[in-house]
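All of the numbers you see were taken from the coordinates with simple rules; none came from a lab. Keep in mind that what you see is a predicted model, and the values were worked out from it rather than measured. Note that we place each Cβ from the backbone using ideal geometry, even for glycine, and neighbour counts take in every protein chain shown.
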Amino acid sequence: MRQNTLETLLGAIIIVGALLFAITVYNSANITPSEGIELKAEFGDVSGLTKGDDVFVSGIKIGQVTSYEIDKKSYMARLSFRINPDIELPSDSSARIVASSLLGGYVLEISPGSNEEMMQDGDIIYDTTDPVSLTDLLGKFVFQSANK
């Protein structure tokens with residue numbers, strides 16, 4: 001009888017611990033934020049950036065990438081992202097995709113403009129810079145060195 005009580009108690013503790021862990025991970029991951037402003041940015045290349053990647057302004061996380069698709073008219077990659085509702089970005093802001101570390105992750109970095117008019121839900125940032133490919137840079141360096 002004592003063995004069953006101990007096993008039941010141990011099982012309950014493990015289940016509660018797993019639930020607390022799952023809740024903590026879910027809250028810290030900030031999965032698919034539903035509030036805030038949905039903005040878009042058009043890029044020639046979004047290689048390395050995926051849904052759920054972070055959006056930063058001045059090194060501070062303000063949102064997440066929510067989706068990306070091909071614009072059927074311009075064939076540009078249209079990236080959608082959601083930013084915190086308390087953040088307002090000037091309408092002349094620019095965006096670029098940058099490496100978050102040497103190990104290869106990417107983030108979207110927004111550089112606020114100086115315009116007094118603020119972006120509204122659904123607005124598109126056209127002033128963008130595509131990511132710099134480390135392999136392309138190394139290839140250029142190697143071939144330039146070989147040509148000398």
* If only Cα atoms are counted, what is the Rg of region 67-122, and what is its Dmax, in Å? -> 13.4, 38
* To do: Taking the Cα centre of the chain as origin, sum charge times position over the Cβ atoms of Lys and Arg (+1) and Asp and Glu (-1), and report the length of that vector in debye to the nearest 20.
  => 780
* Asked: Where does helix 134-147 land angle-wise versus the long Cα axis of the chain, in degrees 0 to 90, nearest 10?
  -> 40
* Mind checking which of Ala18, Ala41, Ala99 has the largest fluctuation in a GNM of the chain, springs on alpha carbons under 10 Å? -> Ala18
* To do: Count the net charge of all other residues whose Cβ sits under 12 Å from the Cβ of Leu39, scoring Lys and Arg as +1 and Asp and Glu as -1.
  => -2
* Would you mind telling me which residue in Leu108, Leu39, Leu19 has the biggest mean-square fluctuation in a Gaussian network model of the chain, where springs connect alpha carbons within a distance under 10 angstrom? => Leu19
* Asked: If you average 1/r over all unlike Cα pairs in the chain and invert the result, what Kirkwood radius do you get in angstrom?
  -> 18.2
* **Neighbourhood charge, 13 Å Cβ-Cβ cut-off, centred on Gln120 and excluding it, Lys, Arg +1 and Asp, Glu -1** => -4
